[in-house]
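Down below is the structure, laid out as structure tokens.
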Amino acid sequence: MALVSYVLNGKEKESRVGQEIAGKIKQIASELGYQPNHLAKSLRSGKTHTIGLIIADISNPFFANIARVVEDEAKRHGYTVIIGSSDENAEKSRDLLNVLINRQVDGFIIVSAEDSQEQVQYLKDKKIPFVLLDRYFPAIQTDFVSTNHYKAAYNAGVHLVKNGYKRIGMIAYDSQLFHMQERIRGYVEALTDNHIPFQEHWLKRVRISAIEQGVKAAIDEMMASEQPVDALIFATYSLAINGLKYINELRLNVPGDLAIVSFGQAEAFDLYYCPITYLKQPIGLLGQTAVELLVKKLKEPQAEPSQILMEAELIIRASSKTKSLVNN
């Protein structure tokens, strides 16, 4: 039994099993359709070689692509990923955490939902390894990898100012999550740093639970003003998709009536009649780095937290064309 166990666990070299005997054992195991009992191995080692990935919204292409990258990278390190979507809901996020903890995953990669700080603190207090992805809480010292959301929004605002737009609005989520606050801060400072006094009615906050209605109301209010906005930054992909649909209903021309820049990247931005300028986050690098940080944490639990910010790239398309050229 010990001989067979060594061979099937890839330890034939250290047990000095001959190649001929090892070959016979593997051949017979294959013929019998033998599969290792991972539960038994986990009980022995205390490791399940599984990672829990909790993302905010699986229907969002950004998070769906992140999940694919994490899954592929984890497999390369010998881990299986169990994926759950919190649907931007803290209670659902808590339920997923409890289920995955009971499944004895070795660690977590988490895209945090609103009001989930106590969940992050719980994992930290219980010394359960985890890495926060895309969203993090500055008040809690944790491992995280994220985009520089402030700089991305700042670059979007500066780009529109330089292209001749003077009344630049933003539609964001009504959220206290740090990444959303950073996007708003970047937008506001891009205007003020370029001598455009920020107007409160240019910024609209939409509840996640009522995106479609909120976006419509925000655009109506912005366009009904005596001086309607001439450009609009969408703080997320979901806000942009709902906004572009409504802009079409209103028969507003992009960029003639309204220039557009959005966070997030998806094929929909290419298929729109006027290709959309967007902020491209480094999805592949974000996902790969999150897995690498977690694997490192699993090996070195006492290591100091790694906190990594990555830059988004502004992909300039026709939707934010220089204003003086729009009608030419």
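Each reported figure results from applying straightforward, stated rules to the coordinates on display, with no laboratory input. Since this is a predicted model, take the numbers as computed values, not measurements. Cβ placement follows ideal geometry from the backbone for every residue including glycine, while neighbour counts extend to all protein chains displayed.
Highest mean first, what order results for 276-282, 217-223 on Cβ atoms within 10 Å?
Highest-to-lowest ranking by the protection proxy: 276-282, 217-223.
Enumerate the amide H contacts of residue 280 below 5 Å, restricted to partners 5 or more residues apart or on another chain; note that Pro and chain-start residues carry no placed amide H.
The answer is 313, 314, 315.
Identify the GluC sites (Glu not before Pro) of segment 80-138 meeting these criteria: DSSP loop state and at most 15 other C-beta atoms within 10 Å of the C-beta.
Taking segment 80-138 and a limit of 15 other Cβ atoms within 10 Å, no loop GluC sites (Glu not before Pro) are found.
What nm value, rounded to one decimal, do you get for the distance between residue 137 and residue 308 when each label is placed 7 Å out toward the C-beta?
Taking the two extended label points, one gets 2.3 nm.
Provide the gained length on full extension for the span residue 92 to residue 248, in nm with one decimal, where the gain is 0.36 nm per separating residue minus the Cα-Cα distance.
52.7 nm
Residue separation times 0.36 nm, minus the C-alpha to C-alpha distance between residue 201 and residue 162: what's the value?
11.9 nm
How many angstrom lie between the C-alpha centres of segment 148-217 and segment 51-102?
Spelled out, the Cα-based centre of one part sits 28 Å from the other.
For residue 261, what is the net charge nearby, where nearby means another residue's Cβ is under 13 Å from its Cβ and Lys, Arg count +1, Asp, Glu -1?
+3
For segment 115-157, run through the trypsin sites (Lys or Arg not before Pro) and keep only the ones in DSSP coil with at most 15 other Cβ atoms within 10 Å of their Cβ.
The qualifying sites are 126, 127.
Between residue 176 and residue 318, how high is the FRET efficiency from 1/(1 + (r/R0)^6) when r is the Cβ-Cβ distance and R₀ = 41 Å? Nearest 0.05.
0.75
Could you work out how far apart the two model spin labels at residue 59 and residue 210 are, taking each label as a point 7 Å from the Cα in the direction of the beta carbon, and quote it in nm?
Computed distance between label sites residue 59 and residue 210 equals 1.8 nm.
Listed here are the pairs 92/127; 162/216; 92/151; 24/296; 216/321; 151/299; which of them are more than 26 Å apart at the Cα?
Check vs 26 Å cut-off fails for 162/216; 92/151; 24/296; 151/299.
Return 161, 131 ranked ascending by Cβ neighbour count within 10 Å, so the fewest neighbours appear first.
161, 131
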